[in-house]
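> Take this structure first; my questions come after.
The values are calculated or read from the model by the stated rules, or taken from the named source; none is laboratory data. It should be emphasised that the depicted structure is a prediction, and the values quoted were computed from it without experimental measurement. A quick note on method: Cβ atoms are made from the backbone with ideal geometry, for glycine too, and the neighbour counts reach across all protein chains shown.
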Amino acid sequence: MFKKILVANRGEIAVRVIRSCRELGIKSAAIYSEADKTSLHTRLADESYYIGSAPAHDSYLNKEKILKLALDIGADAIHPGYGFFAENSEFIRECEKNKITFIGPSSKSVALMGSKTEARKLMANNKVPIVPGTTESIKSVNNGLKIAQEVGYPVLLKASAGGGGKGMRRINSSKEFESAFEATKREALKAFANDDIYIEKFILNPRHIEVQIFGDKHGNYVHLFERECSIQRRHQKIIEEAPSSFVDEITRQKITAAAVNAARACNYLNAGTVEFLMDADKKFYFLEMNTRLQVEHPVTEMITGLDLVKEQISIAAGNKLSFNQNDLKINGHALECRIYAEDSFNNFLPSAGLILSYSHPSGPGVRVDSGFDNGSQITVHYDPLISKLVCWSDTRQSAIDRMLRALSEYIIGGLITNISFLKIIVDNPSFRNGNFNINFLNDDFMKSINELENNKEIQEIEKISAIFAAILKSNSSVNNLRSNHTETVNLWQEQLYE
Ligand code: MV4
């Protein structure tokens, strides 16, 4: 087993990894930027090292500095979290060269899955259904027009080096083809230094279903069931759940088998996620493979009882998977809400600033993964994710009720959050009935909630209460007030949440 793991990340995911290290008796080393001197991950790790100023390219994305640090402090492994170096094959290759274990897949798998056309080719050859379209890049307008005609409009042009929604364009008819082709190519070259583009049939109103997989160094592959991540806005996931209420047992068997085929096809090592689109007929299509631990992994942990980070570490150390496929079964239902520092009712404007008062929900079936606390600063330099609220219960309906209860317990003063937006979604009848797809939070939905009369009031009250909380916090009498006049505080709570 490893002696010391360098955690090459920040925020809630750094905290998450440090916690598993501690439980395994492995020393953890945090890195922190100027902006994170007093952050939770910096304080929680066994050792913490300053690596540069706040902008990520000066600190969390400084490859040379991080690798040198790992060697200097005797770290035998690096956990990348998600984002930053998690899917950077060059960084992984450097780790491999320096005999530092990268806790994740090989640089080869990451590079392979980074090319969407190569990935599609591999999947098509290994019994993983792909979206109809090409597995080679399109060389000319005429060639593209011919293929689009065969596939049938509407089609999507996608950048081979893209992913996560970047570098794609919808084409509705042959008239639009030429200009769209040129524009997508141009944009791809600019964004990815690679102008290979390919064609897929545009799947209308699909759901986003993904399957968690694991592979070890002994040729074992397992899946940990599916997650549904359709509730998103501009490719930013907001609510995830496991299992999907749309996936029946037969579909589950097919889609998880396809995901395991995908993992085996690329000799995949460690934790990965196979993303699919699923149409209204429950036909599913491979989309991309994410070669990292994902933000939403806790919902899978809640329904399987496993610690995915511990499993990652164990596998990276060369151990066999600690369980067989037959050991796993789905227990209950879990939902995750992402608490962002943003104004959902004002074009999702980020809301940077100081968290002046913070208290999070707890109680039965509630888990909070958070990188912040009182006095933490949310800066423009990093992701605006403050916290992940995960609720488990035996059924989806009771997990939803629990989520609403837990959301109402949050107090985050000093900046605007999306908590009231989350409450509206979770309590929406269509959401409760499982009747949604990736377009659920479309412009019509946003318009309808922005027109809610009492919603305007909620927004105003939230803004005022953020200021109020800030004043309370800076006033030394706040502690007396809280302990002696609880009802006063509760009245404020009622105003805020009723
Ligand atoms: C698609 C699609 C419809 N048809 N491909 C967006 C992110 C990237 N992973 C692929 N994406 C999509 N690809 C075909 N052939 C619709 C999307 C899409 C989407 C997919 C998953 C989750 C949210 C989404 C939001 C908009 C578009």
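> Would you check if SER244 is hydroxyl-bearing (Ser, Thr, Tyr), closer than 19 Å to ILE203 by Cβ, under 20 Å from the mean Cα position of the chain (by Cα) and within 12 Å of the ligand (Cβ to nearest atom)? Please lay out each step first, then the result.
Numbers: hydroxyl-bearing (Ser, Thr, Tyr): yes; closer than 19 Å to ILE203 by Cβ: yes; under 20 Å from the mean Cα position of the chain (by Cα): yes; within 12 Å of the ligand (Cβ to nearest atom): no.
The answer is no for SER244.
> Here's a follow-up. Is it true that some residue in the range 299-307 is surrounded by fewer than 20 Cβ atoms within 10 Å (Cβ to Cβ), away from the ligand (no atom under 16 Å from the Cβ), on the phi > 0 side of the Ramachandran plot and over 18 Å from the mean Cα position of the chain (by Cα)? Write out each step before concluding.
First, the residues of the range 299-307 that are surrounded by fewer than 20 Cβ atoms within 10 Å (Cβ to Cβ): 305-307.
Now drop any that are not away from the ligand (no atom under 16 Å from the Cβ), which leaves 305-307.
Checking which are on the phi > 0 side of the Ramachandran plot leaves us with 305.
If we keep only those that are over 18 Å from the mean Cα position of the chain (by Cα) as well, we get 305.
Yes, that holds for at least one residue.
> Can you tell me which residue is nearest to GLN312 (Cα to Cα) among those in the range 109-141 that are without any contact (Cβ under 8 Å) to a residue 40 or more places away in the chain and basic (Lys, Arg)?
Per the criteria, the residue is LYS121.
> Mind counting the residues in the range 1-38 that are of a type in the set (S, T, N, Q), outside any helix (DSSP H, G or I) and farther than 16 Å from ASP58 by Cβ?
From the range 1-38, those of a type in the set (S, T, N, Q) are 9, 20, 28, 33, 38; that's our starting set.
Adding the requirement that they be outside any helix (DSSP H, G or I) leaves 9, 28, 33, 38.
Checking the rest, the ones that are also farther than 16 Å from ASP58 by Cβ come to 28, 38.
Final tally of qualifying residues: 2.
For (1) free of Cβ contacts under 8 Å to residues at least 12 places away in the same chain; (2) closer than 21 Å to ASP427 by Cα; (3) under 21 Å from the mean Cα position of the chain (by Cα), each residue gets a yes or a no:
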site	(1), (2), (3)
ASN326	yes, no, no
GLU336	no, yes, yes
TYR340	no, yes, yes
PHE348	no, yes, yes
PRO364	no, yes, no
VAL368	no, yes, yes
GLY371	no, no, yes
SER376	no, no, no
THR379	no, no, yes
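> Consider PHE181 carefully, then state whether it is modelled with pLDDT of 95 or more, out of contact with any Cys (no Cβ under 7 Å at 6 or more places or on another chain), away from the ligand (no atom under 16 Å from the Cβ) and part of a strand (DSSP E or B). Spell out how you get there, then give the answer.
Values: modelled with pLDDT of 95 or more: yes; out of contact with any Cys (no Cβ under 7 Å at 6 or more places or on another chain): yes; away from the ligand (no atom under 16 Å from the Cβ): yes; part of a strand (DSSP E or B): no.
Here the answer is no, as PHE181 does not meet what is asked.
> Is one or more of the residues making up the range 257-268 modelled with pLDDT of 95 or more, part of a strand (DSSP E or B) and in contact with a helix residue (DSSP H, G or I) (Cβ under 9 Å, 6 or more places away or on another chain)?
There is no residue in the range 257-268 that is modelled with pLDDT of 95 or more, part of a strand (DSSP E or B) and in contact with a helix residue (DSSP H, G or I) (Cβ under 9 Å, 6 or more places away or on another chain).
> Just one of ALA77, ALA119 is within 22 Å of the chain's Cα centre (by Cα), at pLDDT 95 or above and surrounded by 17 or more Cβ atoms within 10 Å (Cβ to Cβ); which is it?
Details: ALA77 fails: within 22 Å of the chain's Cα centre (by Cα).
The unique qualifying residue is ALA119.
> Looking at the range 409-497, what helices (runs of 4 or more DSSP H) fall wholly within it and have at least 2 residues that are surrounded by fewer than 18 Cβ atoms within 10 Å (Cβ to Cβ) and modelled with pLDDT under 65? Lay out the reasoning, then the answer.
Numbers: elements: 419-426, 429-432, 443-451, 453-474, 478-484, 486-497.
Where helices (runs of 4 or more DSSP H) fall fully within the range 409-497 and carry at least 2 residues being surrounded by fewer than 18 Cβ atoms within 10 Å (Cβ to Cβ) and modelled with pLDDT under 65, they are 453-474, 478-484, 486-497.
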